[in-house]
């Protein structure tokens with residue numbers, strides 16, 4: 001009997017079973033929950049409410065704010081990481097002295113527990129006891145990094161600190177696996193450095209850039225630890241993000257149906273972006 | 001960019017990375033009194049913070065994190081490696097299988113945490129490491145599988161065909177010839193998977209925030225605005241950071257190939 | 001060693017028929033070479049015989065045993081792959097010993113057999129090295145050694161020389177021939193290189209589009225190609241083909257007339273190998289053509305010709321006869337009447 005199952009599927013079975021149990025089943029369950037008014041303290045009153053949870057989110061100001069915040073956060077953080085990462089990768093590529101040590105060192109932040117990063121910066125940037133405001137104070141600068149105006153941008157800065165290394169890692173690998181001939185041809189053609197970068201390096205590197213940005217953006221949408229460690233969404237709703245709001249709605253207020261709906265809106269948005277980007281990528285490839 | 005400019009840029013980057021770490025190390029040796037003056041460098045080092053942390057449940061939490069990480073990675077390695085081989089070599093499951101793995105990687109934890117919370121609540125498994133292990137499988141398994149697909153893609157088909165002609169069946173050829181080729185990649189995937197599990201706060205906090213807290217949850221519990229806890233918190237942060245940093249040095253080279261599905265080398 | 005028989009063998013990949021009802025006997029103790037352009041089904045045929053590819057239809061017999069659906073490991077065949085497929089994590093010795101270990105051969109016997117094969121191939125001092133530390137030629141020897149050690153019913157070679165440089169390729173060719181004689185081995189050899197095929201083959205099988213175009217000893221295939229395709233594929237530079245009309249024992253085309261041993265009449269195509277097209281005196285010339293370029297090879301030269309009607313021809317001219325051939329001039333050439341090939345108008349059949 002076993003013999004008649006194609007060999008490939010015999011190898012696939014353990015993965016399929018575990019995957020179905022820990023991923024597929026909860027995913028479908030979550031989808032169903034988002035269509036109910038499930039509240040853990042009032043489970044007996046659970047009933048199917050269709051898309052009510054979703055339409056409810058439309059009137060939810062905090063949720064809209066969280067969506068906006070999340071998008072601003074992702075857009076700013078990923079763009080900055082790309083620019084910085086590209087610059088760093090180009091420097092590292094041509095570096096000769098202490099090459100491996102520098103690389104290993106600069107990549108370190110991406111491995112650090114995000115909650116630890118959040119807490120580290122919370123106290124580094126804290127107005128009363130943080131060292132950075134104190135140093136800035138000696139120059140006469142009074143900056144409240146976690147005040148209503150700056151809090152979200154401080155979150156972006158922390159994300160940039162932790163995740164620019166990820167960009168560096170991928171872009172540097174991309175740079176180093178580019179073929180040499182186009183660059184030699186550009187030199188023979190007498191192209192300046194800037195022209196070479198713009199019309200040889202960047203186009204050749206584009207596929208890697210797209211993948212790196214995509215991966216980074218998808219990860220940035222999940223931002224939670226910094227908010228949890230530092231601002232808890234505040235001041236006001238200045239740093240509310242989706243992932244944090246799901247946590248608060250679901251775990252704080254036990255409104256799990258609503259929390260599931262919140263999460264699925266994010267998934268829909270993310271999937272749309274992925275599909276659109278992928279389509280464009282495919283069209284350019286052909 | 002000219003050479004000196006590049007060097008300057010790199011130096012700034014190195015300082016920007018090093019400064020927070022250095023500061024946390026410094027704080028972890030400061031006494032409560034010295035903490036009131038954040039920028040002072042002259043103080044009498046104390047080990048009080050470290051002994052407080054090491055006796056205060058952080059070690060138990062770290063041990064729990066190790067247990068969770070090892071269990072998650074073990075399951076992921078077995079299921080992920082076999083599955084990745086099937087997907088890479090036999091195109092098992094076709095496009096949907098590959099897409100499913102990708103989809104799982106980009107799924108926000110917010111989607112899965114709600115049903116997992118309810119399921120474990122109903123089964124009385126909330127606040128146990130089993131809940132955390134299951135939750136961590138949702139992101140470690142896809143990542144490990146994705147890594148391994150890339151590594152298997154790079155193994156020439158002829159190697160296992162040769163092994164089959166040499167006298168082994170499918171599984172024998174896989175075990176004796178294919179698997180040794182991806183062993184370094186397997187190691188990288190295992191370490192990276194472990195780091196992901198070790199670093200997770202979201203699932204661990206929600207599913208096991210009480211009796212079965214992992215290291216990140218334990219660290220986050222130092223997060224109070226009573227500044228007096230600052231030294232101990234710094235020590236706790238270092239407990240979580242140091243092992244990961246050491247592990248990271250071993251995987252960096254192979255990480256790129258894993259992340260890019262074998263498309264890039266570093 | 002054993003004979004391999006293939007009966008009505010067929011392979012389809014979806015809509016595409018890669019191998020179309022092939023019958024083939026690979027003789028015991030000889031080298032049979034499958035040769036043809038890429039996509040002709042030669043490698044698929046080899047892989048089906050090895051058991052690496054499922055069979056859509058037909059039978060494969062090794063000796064008297066039907067192995068059509070047997071696992072590769074149960075067919076008692078050894079194979080040498082194009083990229084050698086040496087196990088990177090094992091030394092040369094371990095590579096060669098691997099198949100014997102798989103069959104639980106005693107330790108001492110493994111040693112003896114590996115050492116014997118290594119001596120035969122002159123690689124005894126490389127045995128402790130990993131494939132990475134070996135040159136292409138050395139890897140090739142290890143791959144062949146690994147096959148020899150097995151003492152299998154037959155050897156399968158899948159384009160084993162195409163990754164080597166030209167000089168090494170010629171060397172290894174001789175080596176394989178010597179080994180075959182020494183072991184009296186049965187070998188099925190696949191290549192796209194017609195020269196390699198002719199030098200190695202006892203029996204040559206030319207394939208095209210999943211079918212056998214011609215089969216026979218290299219001499220016969222070269223001297224009497226069964227179709228225009230075979231005539232063009234075997235031999236270098238390829239055979240010249242001139243379209244024309246045959247009637248009453250004469251082949252006529254624009255600007256030329258050649259007597260042919262054929263009575264039937266109708267459109268036909270004349271095949272002339274470059275070495276059978278020679279410069280001549282004006283009196284005995286068959287045709288006149290403009291000399292475009294001469295590629296000097298040492299003992300001879302390849303002369304590219306263009307006829308008045310635009311056809312291009314190639315002639316292989318011995319060095320001492322090259323003096324009368326001047327680039328840019330119109331020169332008289334003679335077709336050797338003893339070496340003509342006449343094909344049907346569509347090129348599919350030989351007419352005499």
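Can you say whether residue C:90 is out of contact with any strand residue (DSSP E or B) (no Cβ under 8 Å at 6 or more places or on another chain), within 24 Å of residue C:161 (Cα to Cα), surrounded by fewer than 20 Cβ atoms within 10 Å (Cβ to Cβ) and more than 14 Å from chain B (Cβ to nearest Cβ), as far as the supplied structure shows?
no
Tell me which of these residue A:213 doesn't satisfy, since it passes every other one: (1) within 30 Å of residue B:114 (Cα to Cα); (2) surrounded by 13 or more Cβ atoms within 10 Å (Cβ to Cβ); (3) modelled with pLDDT of 85 or more; (4) within 12 Å of chain B (Cβ to nearest Cβ).
Condition not satisfied by residue A:213: (4).
May I ask you to say which residue of A:16, A:21 is within 11 Å of chain B (Cβ to nearest Cβ), crowded, with 17+ Cβ neighbours inside 10 Å and closer than 18 Å to residue B:75 by Cα?
Going through A:16, A:21 in turn, the sole match is A:16.
When you scan the stretch B:89-104, do you find a residue that is within 15 Å of residue B:207 (Cβ to Cβ) and either more than 10 Å from chain A (Cβ to nearest Cβ) or surrounded by fewer than 23 Cβ atoms within 10 Å (Cβ to Cβ) (or both), even just one?
Looking for residues that are within 15 Å of residue B:207 (Cβ to Cβ) and either more than 10 Å from chain A (Cβ to nearest Cβ) or surrounded by fewer than 23 Cβ atoms within 10 Å (Cβ to Cβ) (or both), one finds none in the stretch B:89-104, hence no.
Taking the conditions exactly as written (free of Cβ contacts under 8 Å to residues at least 12 places away in the same chain and within 29 Å of residue A:44 (Cβ to Cβ)), does residue A:250 satisfy them or not?
So residue A:250 fits the description; yes.
Answer yes if at least one residue in the stretch A:140-152 is at pLDDT 90 or above, assigned by TED's automatic domain parsing to the domain that holds residue A:233, within 17 Å of residue A:234 (Cα to Cα) and crowded, with 24+ Cβ neighbours inside 10 Å, and no otherwise.
No; the residues of the stretch A:140-152 include none that is at pLDDT 90 or above, assigned by TED's automatic domain parsing to the domain that holds residue A:233, within 17 Å of residue A:234 (Cα to Cα) and crowded, with 24+ Cβ neighbours inside 10 Å.
crowded, with 20+ Cβ neighbours inside 10 Å and on the phi > 0 side of the Ramachandran plot: which single residue out of C:41, C:14 fits that description?
From the options C:41, C:14, the qualifying one is C:41.
Among (1) surrounded by 15 or more Cβ atoms within 10 Å (Cβ to Cβ); (2) within 12 Å of chain A (Cβ to nearest Cβ); (3) assigned to a helix (DSSP H, G or I), where does residue B:30 come up short?
(3)
Quick check on this structure: which one of B:218, B:232, B:204, B:212 is modelled with pLDDT of 75 or more, in a loop (DSSP other than H, G, I, E, B), more than 9 Å from chain A (Cβ to nearest Cβ) and surrounded by 20 or more Cβ atoms within 10 Å (Cβ to Cβ)?
That would be B:212, the only listed residue that is modelled with pLDDT of 75 or more, in a loop (DSSP other than H, G, I, E, B), more than 9 Å from chain A (Cβ to nearest Cβ) and surrounded by 20 or more Cβ atoms within 10 Å (Cβ to Cβ).
Against the definition (outside any loop (DSSP other than H, G, I, E, B) and touching a helix residue (DSSP H, G or I) at 6+ places or on another chain (Cβ under 7 Å)), how does residue A:264 come out, yes or no?
yes
Since residue A:8 meets every condition but one in (1) more than 26 Å from the chain's Cα centre (by Cα); (2) in a helix (DSSP H, G or I); (3) more than 14 Å from every other protein chain (Cβ to nearest Cβ), which condition does it not meet?
All conditions pass for residue A:8, except number (3).
Given the criteria more than 10 Å from chain A (Cβ to nearest Cβ) and buried (at least 20 other Cβ atoms within 10 Å of the Cβ), does residue B:132 qualify?
yes
Quick one: which strands (runs of 3 or more DSSP E) sit completely within the stretch C:2-100 and have at least 3 residues that are touching a helix residue (DSSP H, G or I) at 6+ places or on another chain (Cβ under 9 Å) and within 25 Å of residue C:139 (Cα to Cα)?
C:31-35, C:77-80
Residue C:258: modelled with pLDDT under 90 and in contact with a helix residue (DSSP H, G or I) (Cβ under 8 Å, 6 or more places away or on another chain), yes or no?
Judged against the criteria, residue C:258 is a match.
The values are calculated or read from the model by the stated rules, or taken from the named source; none is laboratory data. Quick caveat, the model's predicted, so the values are computed rather than measured. In this analysis, Cβ positions are derived from the backbone assuming ideal geometry, glycine residues included, and neighbour counts consider all displayed protein chains.
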